[in-house]
Every structure is written in C-alpha cells, then in structure tokens.
Amino acid sequence: GSTSDQKCPTPGCDGSGHITGNYSSHRSLSGCPRINKPKKLLGKDGEPPEPLRCPVPGCEGIGHVTGKYLSHRSASGCPIANKHKMVRATSMTNLSSDFSNENVSIILNRPIKFDGLVCPTPGCDGSGHTSGSYPSHRSLSCCPKASEAFMKASTKLQEGELDLEHDLPDASAFKNDEDLKVLDSEIERLRRENNNMESQLLKLRTDITWMENEYSSHKMANQKLFEQNNDLDSHAKYMRTSLIQSLQGVRLPEFNIPLSEANFDNYLAQLKRFCLDVYHRPQNNNMYGAVKQAIADIKVV
C-alpha cells in the first residue's frame, strides 16, 4: 500500500509515540516503544492491552513538560501533573510579599531546590523561558519573572534604593545553608559593585571640581588680559591724539599739508627719517629742537 497506510506491526500499538521520544508517532518495529516489552504485549486473557497513554486524568498525552516534544506517556512528562505540583511552592509566598511583592529569589542566580520538576517561583506556571527558545521552564534560572525581579533588585541596590536590612527576605524562608551562602555571596557582590560605583562617582566629582577651578582661573586670567589690552588701546589712542595736537604747529620740510588723523602715519614716518638725519645735517637742529619742545608736555604713563 502507500506510505500513509503503513502502521506499526506491534500488536496492541496504535503507532503513537517513538522509542527515542523525539517524535509523536512511528510506523516500524525499530521505532516502537512497546517492542522492548514483550511480556506486556498481551493481557491476562490473551487480549491486547490498551495503548500506553498518560495516566493523568483529563490529559490526552499532548505536549511535554520540557517543551521539547509533542507528546508524552507518563506523569513525569505531563505538563498538567507538573503544573499541579505548584502547590509545593506555597511555603515561599511570605518571601514574595516581604520582598516588595517581587518574585522569590531575585538575588540568587540559580534555583532554590524543590521536589519535583516545577518552577519554584510563586505565581509562575512554568510557561516561557528567559532565553526565548522554549515555551516552558522548570528552574528559577530560566524563569522570566524571577529574572525580571532580579534585574529590578540589582538596579535598586546600585542606585541606593534597596534597603538591605528590611527589603531582603527572611533567612527562615530558605531551605538550606547553601542557598543562604549563595544569597550572602550575591549581596556581597552587589555591595562591592555599589562601593566601586560610589568610588568612581567620587573621583568624577573631584575631577569636575578641579576642572571648574581651572576654568575659573583661566577665566580670571583672560579677563585680566582683556582689561590690560583695553588699557593699552586707550593709552595708545591718547598718545596718538596728544601727538597730533602737539605737532600741529611743527611743519616738516617735505610735509606741506596740515597734520590730521588721516595722514598722521605718513607724518610720523617722515618725522622718523628727519630725526635720523639730524646728525648728518646740522641745519636740521632747529627743527629737531622744535619737535622736542612740542612733545615735551605729553605725559607718558
């Protein structure tokens, strides 16, 4: 017949399940999970027994507690049976309420030990996974609620908003000394990180204060230079105006136009050449004396 008509030849087997646990059905003896149990193939009356199914009432054998398989045939792999085991975690409800209504063990980075393959976080039904790769989980380390609560607690502690003496859970809520040691270790790690951040913040504040002082010093120095430059500019303008006024009556031989602000630079250049020629031309002594007399009243600061 066609491939779709092939069925498992094992008596009493309906083809469901697989010996590897990786598939929901099989069509050969090599994949039959019942083939290795010949003693159970026939009942007491020689009739084929009922197919192996999940013994949990109301369960049709669909799904698996690990989230890796499509079916199951035992209570240990039944999602419903494991979901019912969540009542064992009721002893942790006080821990949850004492920790600002956050999930249990938000400080621990590994699960607190419980009997049964169920997530120990109160209020968590085992659905979801921190990695996002699986539809379910059974440990605190993979619990999205616990992971979120842990991140919130870490942030509060680093920001100084978490009171280590009042917000942390009571020691009696933990099952054994190992969990307490892990909790103490995690608290100590967070304290060290907090102290390190405070040290870095203090150093940063010190650096900022030093930079502000340097900026103030440079600003004061620049202001002083600015004021000195203004004084020099004012004095230069005063000297220029005083020279123009004092030399109005002194006419140079080669400068026949009245002295003014516009031609003062040309006049000054000729006056410089005239003063240098005094030693070579004695006849210019009278003119040199007139210039000295004209500028004698100018006050040089």
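We did not get these values from a lab; they are worked out from the coordinates using the rules stated. Note that the structure is predicted; figures quoted are calculated from it, not measured. Cβ placement follows ideal geometry from the backbone for every residue including glycine, while neighbour counts extend to all protein chains displayed.
Points worth noting:
- Some residue of segment 277-291 being of a type in the set (D, E, K, R), surrounded by 10 or more Cβ atoms within 10 Å (Cβ to Cβ), part of a helix (DSSP H, G or I) and out of contact with any His (no Cβ under 6 Å at 6 or more places or on another chain): no
- The sole residue among Ser242, Ser216, Ser234 that is in a helix (DSSP H, G or I), of a type in the set (S, T, N, Q) and surrounded by 13 or more Cβ atoms within 10 Å (Cβ to Cβ) is Ser242.
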